[in-house]
Amino acid sequence: MKDFTSEINYKTARSSGAGGQHVNKVETMVLAKWHVFESQFFSDEEKTMISEKLKNKINAEGYLQLSSQQSRSQLDNKEKVTKNMMELVEKSLIIPKFRRKTIPTKASQQKRLNQKKQLAEKKDSRRFRY
């Protein structure tokens, strides 16, 4: 996996949640922005793959934007958001395996029909006739 952390821009903000008085004084939430198309680490093909797979997370300006405010520590949040971004990009570059269509065999079709007939006969035998 290519390490593109040098291209990520970080911004901090005040996070919501637990922290008491501390939460109003310290900016612990970390916002990470990475411009997909201006990256020097990925080829044009890889950039298009990333943009197609992550189109819901990329804004109109072409930035992949993530944030983290889980921890009370700014450093922990920065590490988490960086890790999440790296994983997202890594997963988007995985090419899915080609699925080859299969046709059920005649034996499996016959077996299925026989099982259906047996089940129908069993249920039919339960029916009470006057």
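The values are calculated or read from the model by the stated rules, or taken from the named source; none is laboratory data. Note that this is a predicted model, so its numbers are computed, not measured. Because the Cβ atoms are built from the backbone with ideal geometry, glycine has one as well, and the counts that use them run over all protein chains shown.
Among the residues of region 86-101, write down those that are hydrophobic (A, V, I, L, M, F, W, C) and either at pLDDT 95 or above or over 17 Å from residue 33 (Cα atoms) (or both). 93, 94, 95, 98, listed by residue number. The number of residues in region 9-45 that are closer than 26 Å to residue 60 by Cα and touching a helix residue (DSSP H, G or I) at 6+ places or on another chain (Cβ under 9 Å) comes to 17. Restricting attention to region 80-107, the residues being surrounded by fewer than 10 Cβ atoms within 10 Å (Cβ to Cβ) and of a type in the set (A, V, I, L, M, F, W, C) number 5.
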